[in-house]
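Below is one structure, written out as structure tokens; comments come after it.
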Amino acid sequence: MAEWTIDTAVDELLRRERERQDGGRITDQWPALDLGTAYRVQDALLARKVDAGERVVGVKLGLTSRAKQRRMGVDSPLTGWLTDAMVLPEGAPVPLAETIHPRVEPEIAFTMGERLAGPDVTPERALAAVASVHAGFEVIDSRYRDFSFALGDVVADNASSCRFVVSSTAVPPHGLDLAAEGCRLGIDGDPVDQATGTAVLGHPAAALALAANDLARRGLAIEAGWTVLTGGLTDAVLAEPGRTITVDFDTLGSLSLTTAVG
């Protein structure tokens, strides 16, 4: 790329996604891609998708675990957008042929009952705006080689967004202890990892509050009816062909996801 700008970064990221081809870090060639600029790239990328017919349906959080931040070499959580093109119906397989190197992680998902706008949103206020809580999976897929990126890269890439599925089982938030909510992740019937809601900033409602406050700095809010993915509870696992990935929650129920080419 001769000269990097917000538009050329969007062009490159969309090209990689369209051609299912990863590439090097943009920050290696464009050191000026700081956090503020990266979110401007992210918003411009979303605008292109909306212009192409996609509809915003929610917000996602990424790297909400300190362990994941250290592993990926970044130092803060981040937010991204969800559109209707990313929705994977419950029971539908992951379309591996439309991805580069997808990974799957279990999440606690919120459906919003009220608009939530920062600044100064607390976890208590955030949870009061939630209509229902769900078991969820996010399929992440970085446009960077080997999932290697700096913070500016991954924010610009809409937080490695790809697909997501949310259980149709809706649990009212009142009375739930989401910090203690346990989940057990399995592949083909074998247990591979487990965690509790404390893995996402100590409490999923803290992640929701962070998203609302982050969006407020950009003049935006979380709208009623939107889905919010609060962040991966465990390490992401590779979405290899012919596998069944399951998660069992203490009170949110179970969810399964199969992987298949096509």
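The values are calculated or read from the model by the stated rules, or taken from the named source; none is laboratory data. Predicted, not measured: the structure shown is a model, and the values here were computed from it. Cβ: placed from backbone, ideal geometry, glycine included. Neighbour counts: every protein chain shown.
What is the number of the single condition among (1) loosely packed, with under 14 Cβ neighbours inside 10 Å; (2) more than 30 Å from residue 197 (Cβ to Cβ); (3) among the small types (Gly, Ala, Ser) that residue 92 does not meet?
So the condition that residue 92 fails would be (2).
Would you confirm whether or not segment 23-38 contains a residue that is out of contact with any Gly (no Cβ under 9 Å at 6 or more places or on another chain) and surrounded by 16 or more Cβ atoms within 10 Å (Cβ to Cβ)?
Scanning segment 23-38, I find no residue that is out of contact with any Gly (no Cβ under 9 Å at 6 or more places or on another chain) and surrounded by 16 or more Cβ atoms within 10 Å (Cβ to Cβ), so the answer is no.
Pull out all pairs, ordered by first then second residue, where Cβ-Cβ is under 8 Å, the residues are six or more apart or on different chains, the first lies in segment 219-239 and is within 15 Å of residue 55 (Cα to Cα), and the second is part of a loop (DSSP other than H, G, I, E, B).
222/115; 222/117; 222/129; 223/115; 224/113; 224/114; 224/115
Being within 15 Å of residue 60 (Cβ to Cβ) and surrounded by fewer than 21 Cβ atoms within 10 Å (Cβ to Cβ) is the filter here, so list the residues in segment 219-261 that pass it. Full working, then the answer.
Residues of segment 219-261 that are within 15 Å of residue 60 (Cβ to Cβ), as a first pass: 220, 222-223, 226-233, 236.
Correct list: 220, 223, 226, 227, 236.
Restricting the first residue to segment 32-49 and requiring it to be closer than 14 Å to residue 13 by Cα, which pairs with a second residue that is β-branched (Val, Ile, Thr) and surrounded by fewer than 17 Cβ atoms within 10 Å (Cβ to Cβ) meet a Cβ separation below 9 Å and a spacing of at least six or different chains?
46/56; 49/56
In segment 224-254, how many are modelled with pLDDT of 95 or more, at positive phi and more than 19 Å from the chain's Cα centre (by Cα)?
The qualifying residues number 1.
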